[in-house]
Amino acid sequence: MCGRYSLTTPEDQLVEVFDVPPLAFDYRARYNIAPSQDVPVVASDRRGTRLGLLRWGFVPAWADDPSIGSRMINARAETLRNKPAFKRAVISRRCLVPADGFYEWAVEGGGKVPYWIHSPDREPMVFAGIWERWHLQGREPVFSMAIITVEANDRIQHLHDRMPAIVPAADWKAWLDTETLIANALSLLKPYEGALEAYPVSTLVNSPANDEPGCIEPV
């Protein structure tokens, strides 16, 4: 699964990399992004492709209460087409979630040790996601998303058996484009083939209240 991640890439770099308009929200480096928070996401609609904020925790359009999103932070790639909550979104509401690392907890010495997993060059990585708009009469609409997960690759499976579906830059457009055949889009969801590194970090990351550079420093 993916329950925490980081995004410290400078704002101007994100705008350039994704070729999107200037951000319409206050952006800052994040070292410990947690579910239920509003997070930067790249998505496309009638107004084009842009980077905006969505709540992490998928709220299906048919839900009675948006609190259900706290239990739907991830979506398994293998069952996207079968889950009532996700099967429409994966066809028409796909998104990209920028990150520069993510956390997993390994069982060691009778306890759980957090690891920060990242590219060797510290460059951004991008997770596949799906998004949804929830709205009931008299309530504020909620725009939310889930990160798609796949089986862990051989570089990190000793830490956890799942990992975010990391999308290479060459496939970003195909994932976002609703004209892409769904079978072709789903074929992009696979264990990451690029290099990843991981090292243990402080238990600071265990609390979402801690969002500081110390979360990604090795111990």
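The values are calculated or read from the model by the stated rules, or taken from the named source; none is laboratory data. The model shown is predicted, which means the values in this text are computed figures rather than measured ones. Every residue, glycine among them, receives a Cβ derived from its backbone with ideal geometry; neighbour counts consider all protein chains shown.
Just to be sure before I move on: is T178 touching a Lys or Arg at 6+ places or on another chain (Cβ under 8 Å) and modelled with pLDDT under 95 in the structure I sent? Before you say what the answer is, go through the steps one by one.
On the way: touching a Lys or Arg at 6+ places or on another chain (Cβ under 8 Å): yes; modelled with pLDDT under 95: yes.
Here the answer is yes, as T178 does meet what is asked.
Quick one: C215 ticks every box in (1) in contact with a Leu (Cβ under 8 Å, 6 or more places away or on another chain); (2) in contact (Cβ under 8 Å) with a residue 24 or more places away in the chain; (3) farther than 19 Å from S6 by Cα bar one, so which box is it?
The failed condition is (3).
Identify the residue in the stretch 27-48 that is modelled with pLDDT under 95 and assigned to a strand (DSSP E or B) and, among all such residues, is nearest to the chain's Cα centre (by Cα).
Kept after step one, since they are modelled with pLDDT under 95, are these residues of the stretch 27-48: 44-48.
Narrowing further to those that are assigned to a strand (DSSP E or B): 44-45, 48.
Working: S44: 16, D45: 19, G48: 21 Å.
Applying the filter and picking the extreme gives S44.
When you go through E78, E108, E123 one by one, which is the residue that is among the acidic types (D, E) and modelled with pLDDT of 95 or more?
Details: E108 fails: modelled with pLDDT of 95 or more; E123 fails: modelled with pLDDT of 95 or more.
Just a single option satisfies the conditions, and that option is E78.
Any residue at all in the stretch 66-74 that's at pLDDT 95 or above, more than 15 Å from C2 (Cβ to Cβ) and in contact with a Gly (Cβ under 9 Å, 6 or more places away or on another chain)?
Within the stretch 66-74, none of the residues are at pLDDT 95 or above, more than 15 Å from C2 (Cβ to Cβ) and in contact with a Gly (Cβ under 9 Å, 6 or more places away or on another chain).
Can you pull out every residue in the stretch 168-219 that is more than 24 Å from E151 (Cα to Cα), hydrophobic (A, V, I, L, M, F, W, C) and not in a helix (DSSP H, G or I)?
Result: A209, V219.
Restricting attention to the stretch 74-133, which residues are under 20 Å from D177 (Cβ atoms), in a loop (DSSP other than H, G, I, E, B) and basic (K, R)?
R81, K87, R88, R93
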